[in-house]
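Note sheet for the following structure.
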2 protein chains.
Amino acid sequence: MGIKGRLIVGQSGGCTAVINASLAGVVEAALPDDRIGDILGMRHGIEGLLRRELINLRAEPAHVWPAIQRTPSAALGSARYKLSEGDIERILETLRELDVRYFVYIGGNDSADTAHRISRAAEHAGYELHAISVPKTIDNDLPHTDHSPGYGSIARFVSTVTQEIGLDTEAMRRVDPVKILEVMGRDAGWVAASASLGKQRPSDAPHLIYMPERPLSRERFLRDVQECHAQHGYAVVVVTETVRDETGESIARTDPVFSQDAFGHRYLTGAASYLSDLVARELGLRARFDKPGTIQRMNMALASEVDVNEAYMAGRHAVRAALEGETDRMVSIERVSSQPYESRLGLVPLEHIANQQKLLPDEYINQEGNHVTEAFREYALPLIGGEAATYPRLRAVPFATLGSSVPAEA
Amino acid sequence: MGIKGRLIVGQSGGCTAVINASLAGVVEAALPDDRIGDILGMRHGIEGLLRRELINLRAEPAHVWPAIQRTPSAALGSARYKLSEGDIERILETLRELDVRYFVYIGGNDSADTAHRISRAAEHAGYELHAISVPKTIDNDLPHTDHSPGYGSIARFVSTVTQEIGLDTEAMRRVDPVKILEVMGRDAGWVAASASLGKQRPSDAPHLIYMPERPLSRERFLRDVQECHAQHGYAVVVVTETVRDETGESIARTDPVFSQDAFGHRYLTGAASYLSDLVARELGLRARFDKPGTIQRMNMALASEVDVNEAYMAGRHAVRAALEGETDRMVSIERVSSQPYESRLGLVPLEHIANQQKLLPDEYINQEGNHVTEAFREYALPLIGGEAATYPRLRAVPFATLGSSVPAEA
């Protein structure tokens, strides 16, 4: 079984720390298989196929793949490109001309949609093509998979730096008592929620987490921060970059003080920048913000080993499935057990994936809508490798300054 | 030699990844010495002494110190506090009352000034006190020391994430071709300069580095970015948060479009946020920014081993010097050799340190004022441990799409 032909692979959407691990998995599974001829890489996703910007991956030295497996970003180049109907026809023509029989696309919802449409078009045209997508998104918003490669690594980064930011803000609380960390997340709060994974005690950071699944009122936000500051002497707040107010608009865009009309020019400030300014002007507390941006999805030092391995295995699984005759499927990760963590790979029809989004379910968000539940932590902890970085604190026994000095004898 | 009495230690100024390593060095050097009675920790620097918020560090379990050595932030709490003359008198009175004979203060310029004034006041009052400061600043702007503990670790973080950001921006260049990374640095560009340490080839990130030592004109900045984009297809720019325009003002505050009058409210946007907006509106190129903020000075996964060790040894050295009768001195790091890297610890009179700043010397900044020189790299590379993270790239041999498919035989 398995028709002879070429294999083509592409990467699409925002980069992650492990999208190259999936690429390495695809290539290393394809290299020794005698049904697969040339292994082609699309430069910048499907655009590379449309423009015939293709590279020959069999020409790479074999030793590059284990190194690429631990290199963040997309080694083939990535893109965000929405296919037109005309594109699909051209793509099919090109695949036929190049005798490509295996099509592997690593990406998120849009990429699943691309693979789905190409697979269907090939079927209609009677051209045998095996199109499989490999999930990739730090947003973790793909349905019908326990989680997506990329999420475990960003979660490990965000949970670790949140503890570090917490220690910093605690130490500096008499100077800058409020810190706001802005993390990624298109419509879902999975990344923001992961900031909680290193929290051991109620007094630890993060004290507040705001996710786009819950609208955030300015009054509510300010009250939360004020209470937290009163209780701990400082506050560490994590927000998703897309957090919205009650009107459903990005919270930084609808403040009356910053109405766009007043500017002439539409200045796009971010959520954390806006909220730290709001804290300063409404509560009179000094607030600063951190916006790691690209750093959070790229950092290799804090990548999750579980994530790197699953991403690699998902790439291999796609090639195996394609060779076994599957098409129009996304590789999925099914959780077998949380303690000890064990997963297996499966396949889901792409029509169930394309343009669908999995938001944080209600049982992962607390009643107040400003933090996560224990159920979320049980879900997410295995994905970062079982435990987040935690740091010791001093016991800090007060010294009774009224006593006389009695030097200890050694 | 060495009078019997108590030792007091404090931490001051912005936190770093290694200021606790210095604390561990101080405490572990003091613990076994029979001239030293109680070891007191000031909560939040000199404020803790003024308010008598002191803790008993001999009450900590001994095993906590190796763990604290690898914990970022300031375990005693930090502060920014400028001493008044009245404060000095009260401090001296308290030290005398508590029979403190050894005063170790870990911090930057302001802390050196504090230690200097306390040391002098004690001398004038005829009270035997040995006051030594331990350098600490990610800004690396203390004079009369080759470098300061804290710098090597932030430099390792910034150089590593710059390579990661570079790979991301290269892969996504058709979507967001300009990326601006904003890093810390009060008046000096040492941190921004360190972004260069992983650069291997001219095409690698960072393409442009702007430091506060050189005024930056908007025209010049836009021309640089445009040229870089034309040449590489993308541009990674690193700026110090305090970068200034030709008038000497922070570049984000003097743009006519964003004049404060137009707002009513004085909105403080950051340098990178401002510059990415400027690129978008003037060059029509999509630009995003990353502002790691606190994360860059706290991250332990990317701390430099050289830095952790030197910070620890500098803490030990302060106690040894104090016991040997020194006072009014800062521990300094003297470079013995760059290859292989070797340093030794020395002492510098505090009057040469207090309120002095060491900016990047001219020979470390290129002619154009938009990057560093090789001399800077030779200086800084040993401090991060000898090499920055670098990642492989594919050879990317183009595939000739006109050829026919000839499946390879395994």
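What follows is calculated from the coordinates using simple rules that are stated; it is not laboratory data. Everything numeric in this text was worked out from a predicted model, so none of it was measured. Ideal geometry is used to build each Cβ from the backbone, glycine not excepted, and the neighbour counts take in all protein chains shown.
Summary table
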item: Segment A:343-380-segment B:132-147 distance, computed between alpha-carbon centres (Å); result: 48
item: Straight-distance crosslink candidates among lysines, where the alpha carbon sits under 24 Å from A:Lys358 and sequence neighbours closer than 8 are dropped; result: A:Lys82, A:Lys136
item: Largest-first principal axis extents of the Cα set of segment A:283-324 (Å); result: 64, 19, 14
item: Sequence-separation-based contact order of chain B, relative, with Cα cut under 8 Å and 6+ spacing, percent; result: 22
item: Label-point separation in nm, B:His63 to A:Ala375, each point 7 Å along Cα→Cβ; result: 3.8
item: Pair-distance profile P(r), taking every C-alpha pair of segment A:3-160, with 5 angstrom steps and integer %; result: 2, 10, 19, 23, 20, 15, 8, 3, 1, 0, 0
item: Overall Cα dimensions of segment A:267-410, principal axis frame, Å, largest first; result: 84, 54, 31
item: Convex hull (Cα only) mean projected area of segment B:1-80, reported in nm² to one decimal; result: 5.2
item: For B:Glu28, net neighbour charge (Lys/Arg +1, Asp/Glu -1) across residues whose Cβ lies under 13 Å away; result: +1
item: log₁₀ of I(q)/I(0) at q = 0.07, 0.09 Å⁻¹ - the protein assembly as shown, Debye sum with one point per alpha carbon; result: -0.55, -0.88
item: Reciprocal of mean inverse Cα separation for segment A:77-189 (Kirkwood radius, Å); result: 17.2
item: Mean shadow area of chain B, taken as a quarter of the surface of its Cα convex hull (nm²); result: 26.6
item: Cα pair distances of segment B:73-124 binned at 5 Å [whole percent]; result: 4, 17, 29, 27, 17, 5, 1
item: Segment A:39-142: relative contact order in percent, alpha carbon pairs under 8 Å with at least 6 residues between; result: 22
item: Partners for B:Lys179 among lysines (Cα-Cα distance below 17 Å; same-chain residues under 8 apart left out); result: A:Lys291, B:Lys199, B:Lys291
